[in-house]
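Rule-based calculations on the coordinates, nothing more; no lab input. On a predicted model such as this, the values are computed, not experimentally measured, just so you know. Cβ: placed from backbone, ideal geometry, glycine included. Neighbour counts: every protein chain shown.
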Amino acid sequence: MAVVLYAPALALNQVMGIDMLVSILVIGLVCTFYTAIGGLKAVMWTDAFQMIIVFAGLMTLIIKATIEVGGIAKVFEKASAGGKLEIDNFDPSPMVRHTVWTLILGGFMTALTVYGGNQAMVQRYVSMKNLRGAQTALYLQLPASIVFTSLLVYTGLVLFAKYGDQSPVPCIIPKADQLIPYLVMDVLGNVYGVPGLFVACIFSASLSTVSSGVNALALVFMTDIFKPVYKKITLTEVNESKATVYSKVVALLYGLLTIGLAFLSQYFGTLILQISLSIFGMVGGPLLALFVMALFFPCINSLGATVGMICSLTFSFWLAIGTIASRPSPPTYSCPVDTNTTMTNYTTHWTSNYTILSTTTPLYNSSTDIGNIQVAAAEKTGLQTFYSISYLWYSTLAVLVAVSVALLVSCFSGGTKKKPVDRRLLSPLYLWIASLANTYNSTDLEMHILNKTDSKQGSEEKINGANTYKYSRKDYAVSFYSKNWSEQTGC
């Protein structure tokens, strides 16, 4: 949430020149206020209207920028020539940042941390009237998410087609995260009201995410921590009126904490999207592992799940922090100076004393820089190579570590034999797979032999709806009871 709060501050700083401190404070306080006062209902309604604004602003930018570049065909032609359409990169190495496997497998697990284990999303599911309503909302969200993600990818292609290797970073704008605001001012700066629409677009996306997160954190704290502690201390249940007041105070405190962390986001790295997805992998991966263990591994007990999650969190933070610490310093760019040029672009009042180069002077060749970085990455050995794992694999690795450790601990601690698992809590997929195997236990076999000592050898009959083979007393009788499989949970 802190990273998401930091994003619109960058946009405002680029488009309107507002100080980062002021931007973060204003956005954070407004979001915290209406989340604490309105609760989940306010979050849901504002999210709906804010996404309409986001789509409107993004479509306006894409259409105008595509026209200036020369059309959709020109955009894809330049992107292909610049090597930005690598749809055939099947490199299996997890060290490569983006490949087909990384995006499909690693991206799937990263997205699953959001849709399957994130409290803000789960909270939306349970707010629906019934299960069918939640499923319908999720199914309708899928095509909308595909369209929106495609628009964002196309925006990146338009950005490259517009500037190519002559990127304005860092000679004109200091951060790559400010490229889209820079494109807006470059393309739409002369159209009255459109830069403001874009600012509203950025604000809406940020407020939507932060408000959902703050509200989810407040509800989790109230349900899992505050109410049990309150009951243990006072020996009474907290009434609804007090709970409402306390939840608003908790939401306010979480909002202020988010504002504080937002000021630290500028030190996390250069790309907001990568930071956000890395955090999802670091924290969301171990959380998703808990859901996976609960749904598909009934033999994992509470001790195994706890130890597995702790190990997964430790591994994830070690990987992420090590990656940040071992990141090479960014290349130093020398920007030719044209002292007679000042930033007097567009018909807006936006005039800056930035010293930039003339438009005919190349800033730097980004292709060369990327190639040098890739060569440097190829020379890494040991832990440096391990830290080069693509951020999209963080969630997958976190789940694998958690489940593996949990299974080992559970097997050595007796699994769930002493505390059988309710099959209604298991995944339907697991139940279907398990139903394909008929199992029996030793008690069933012994009882069957004792009851059938006088039967004829090799005869066969139906007993209790299951196929039972009866042999003489000296032979073994094998009985398959499909109804007993669900009782055999535990390592």
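Determine, from the Cβ-Cβ distance of V238 and R423 and an R0 of 25 Å, the FRET efficiency 1/(1 + (r/R0)^6), rounded to the nearest 0.05.
Using R0 = 25 Å, I get an efficiency of 0.15.
Can you pull the one-decimal nm distance between simple spin-label points at I324 and F108, each 7 Å off the Cα toward Cβ?
Simple spin-label model gives 3.0 nm for this pair.
In sequence order, what are the phi-derived ³J(HN,Hα) couplings for region 388-394 according to the Karplus relation 6.51 cos²θ - 1.76 cosθ + 1.60 with θ = phi - 60°, rounded to whole Hz, with x for glycine and proline?
8, 4, 4, 4, 6, 8, 4
Full-extension gain between F386 and K231, please, as 0.36 nm times their residue separation minus the C-alpha to C-alpha distance. Intermediate results must be reported in sequence, preceding the final value.
Values: separation 155, 0.36 × 155 = 55.80 nm, distance 4.71 nm.
This chain segment gains 51.1 nm when fully extended.
Tally Lys and Arg at +1 and Asp and Glu at -1 over the other residues with C-beta under 13 Å from the C-beta of S127: what net charge comes out?
Working: positive: K41, R124, K129; negative: D47.
Taking every other residue near S127 into account, the sum is +2.
Taking 7 Å along the Cα-to-C-beta vector as the label spot, tell me the L142-Y430 distance in nanometres, rounded to one decimal.
Modelled inter-label distance: 2.3 nm.
For the pair V245/E77, report the inter-label distance in nm, with labels modelled 7 Å from Cα in the Cβ direction.
6.9
Would you mind putting 23-32, 421-430, 150-159 in packing order, based on average other-beta-carbon counts within 10 Å, highest first? Walk me through the numbers on the way to the answer.
Values: 23-32: 20.1, 421-430: 12.2, 150-159: 16.4.
Descending mean neighbour count gives 23-32, 150-159, 421-430.
Please list, ordered by chain and number, the residues whose modelled amide H lies under 5 Å from the amide H of C299; skip anything fewer than 5 residues away on the same chain.
G490
From the backbone phi of region 304-315, what are the Karplus-calculated ³J(HN,Hα) couplings (6.51 cos²θ - 1.76 cosθ + 1.60, θ = phi - 60°) in whole Hz, Gly and Pro given as x?
x, 5, 5, 5, x, 5, 4, 5, 5, 4, 4, 4
State the dimensionless ratio Rg/Rh of region 1-267 (Rg: radius of gyration of Cα atoms; Rh: Kirkwood radius).
On the way: Rg = 21.3 Å, Rh = 20.9 Å.
That ratio equals 1.02.
What size of dipole, in debye to the nearest 20, comes out for region 1-267 about its Cα centre when the only charges are +1 on Lys and Arg C-beta atoms and -1 on Asp and Glu C-beta atoms? Could the numbers behind the result be given before it?
Numbers: 16 positive and 13 negative charges, 157 e Å.
The dipole of region 1-267 has a size of about 760 debye.
Cβ neighbours within 10 Å, averaged per peptide: list 396-407, 62-73 in order, most packed at the top. Each step should come with its number before you reach the end.
Values: 396-407: 22.3, 62-73: 15.4.
The most tightly packed comes first, giving 396-407, 62-73.
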